[in-house]
Amino acid sequence: MPRNKDELPAVRVYTVCDESRYLIVRNVPALGCGVELLKLFGSYGEIEECKPMDEEDCEPFTDVYWIKFVQVSNARFAKRKLDEFVFYGNKLQVSYATYFESLSDTKEKLKGRRKEVLARLNRRTKGPTPHNAGVVSESFVSPAPPPSNCIPHQMISKQREYAESEQSSHMNDPPLLMVLSNQEYFSSTSMNETVQLVREKLDKIQSSTKHLDAQPAFKEPRVDNRRRI
């Protein structure tokens, strides 16, 4: 609502007693547009009855219409969407008309509201349904191994033999020994000669780098910055 900066916002709360499936629509242009108004409100739910109210006081050149919805939820939705809606140049004024309700209408309204509240509370407290819970648990649980009847007996015996042979081979393996640099650990003489040649070249490179590091560093050339006459 339009207000000044220093004023507090205006708040209006509707309860189930204030809501109704009966609506009063004011400020409708007096142009004989009842059919168009019925189509507009009918898009938000089934309407049981719609008629103009000639006895109601209204502004000049405007009409007042009385609309009865089948469901209270549809009337609530229509009021929230169409209040201050521009219809043929005029802003509609939609309000509830609870004084048209009968005793049975009020009972049905309260009963339906109680069902809605209980359904919302059950959705919040119960959480996922058992079906969904089973789906979630199945997605995280690792699949169980197939039964032993499905695996051939020969495959099981071969797997056991392979595991036993691997275990025995690891137990019988001699401990690893460090190979010396001068030891020949290839069976062929050509490979051993190649290894020896590579070692000699590496030794020469290493000795040359050590010789360069041992040499004293040369003095940097002195720059003469004196001005010439």
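The values are calculated or read from the model by the stated rules, or taken from the named source; none is laboratory data. Please read these numbers as outputs of a predicted model, since none were measured by experiment. Glycine also receives a Cβ, built like all others from the backbone with ideal geometry; neighbour counts cover every protein chain displayed. Surface accessibility is based on the protein's heavy atoms, side chains included, excluding ligands, DNA and RNA. Shrake-Rupley method; radii C 1.70, N 1.55, O 1.52, S 1.80 Å.
Observations on the structure shown:
- Accessible surface, per residue, of the stretch 1-118 when the full set of protein chains is kept, probe 1.4 Å, Å²: 69
- Protection proxy ranking, peptides 88-96, 15-23, average beta carbon neighbours within 10 Å, highest first: 15-23, 88-96
- Averaged over residues, the count of other Cβ atoms within 10 Å places the peptides 108-115, 97-104, 53-60 in the sequence 108-115, 97-104, 53-60, highest first.
- Here the simple spin-label model places points 7 Å from the Cα toward Cβ, and for Ser208 and Leu110 these points are separated by 10.6 nm.
- Magnitude of the charge dipole for the stretch 34-74, about its Cα centre and with charges confined to Cβ atoms of Lys, Arg (+1) and Asp, Glu (-1), is about 300 debye.
- With the charge dipole of the stretch 16-113 set up from +1 on Lys and Arg Cβ and -1 on Asp and Glu Cβ about the Cα centre, the Cα lying farthest toward the positive end among the listed residues Leu92, Leu82, Leu38 is that of Leu82.
- Estimated FRET transfer efficiency when R0 is 35 angstrom, pair Arg80-Asp54 (beta carbons, to 0.05): 0.80
- Sorted largest first by accessible area at a 1.4 angstrom probe radius, with every protein chain in place, the residues Asp105, Asp63 fall in the order Asp63, Asp105.
- Each listed q (0.18, 0.24 Å⁻¹) maps to a log10 I(q)/I(0) for the stretch 31-105, found by the Debye formula over equal Cα scatterers with no solvent: -0.75, -1.35.
- Computed from the C-beta positions of Phe100 and Phe61, the FRET efficiency with R₀ = 22 Å rounds to 0.30.
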